[in-house]
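Accompanying notes for the structure given below.
The values are calculated or read from the model by the stated rules, or taken from the named source; none is laboratory data. These numbers come from a predicted model, not from an experiment. Here the Cβ positions follow ideal geometry from the backbone for every residue, glycine too, while neighbour counts run over all protein chains shown.
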């Protein structure tokens, strides 16, 4: 059995515990992730929702994904930390920002997504599979 993933925002108002291993992990270079992270990409771990225990309530905003489906990004209203994402078309999944993990060293990206929107100055691991958009899940 794997060790539980734990994390939350900087001030502790939002916390999560997730049992199970990520089903997907990626460095995303889309413009939404660039803007939210303030850098060249966002790093995410995606889990099955059934293993998630969440405490605290995140503020959120909805944005239209390239697929035409809604994705919702949650952040802490107190400290502003981006913490997790949900997807209207895939409610069974729950994604957390790698930097929100208590132990961010556990993050192991599998792929780079939206490479077509990446910047030369944002050096992601060249050994990872790279997709110009989001690969089918």
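General remarks:
- The stretch 114-132 - residue that is in contact with a strand residue (DSSP E or B) (Cβ under 7 Å, 6 or more places away or on another chain), on the phi < 0 side of the Ramachandran plot and in contact (Cβ under 8 Å) with a residue 60 or more places away in the chain and, of those, surrounded by the fewest Cβ atoms within 10 Å (Cβ to Cβ): 128
- Residue in the stretch 10-23 that is surrounded by fewer than 17 Cβ atoms within 10 Å (Cβ to Cβ), under 22 Å from residue 124 (Cβ atoms) and touching a strand residue (DSSP E or B) at 6+ places or on another chain (Cβ under 7 Å) present: yes
- Where residue 47 falls short, out of the listed (1) surrounded by fewer than 17 Cβ atoms within 10 Å (Cβ to Cβ); (2) modelled with pLDDT of 95 or more: (1)
- Residue identified as surrounded by 18 or more Cβ atoms within 10 Å (Cβ to Cβ) and part of a loop (DSSP other than H, G, I, E, B) among 109, 91: 109
- Condition met for residue 117 (farther than 28 Å from residue 4 by Cα, touching a helix residue (DSSP H, G or I) at 6+ places or on another chain (Cβ under 9 Å) and at pLDDT below 95): yes
- Residue selected from the stretch 24-60 under the condition assigned to a strand (DSSP E or B) and touching a residue at least 60 places away in the same chain (Cβ under 8 Å), by the criterion nearest to residue 124 (Cα to Cα): 27
- Set 96, 124, 112: member being over 17 Å from residue 18 (Cα atoms) and at pLDDT 95 or above: 112
- Leading residue by the ranking (farthest from the chain's Cα centre (by Cα)) among those in the stretch 94-106 that are in a helix (DSSP H, G or I) and either closer than 11 Å to residue 44 by Cα or touching a residue at least 60 places away in the same chain (Cβ under 8 Å) (or both): 106
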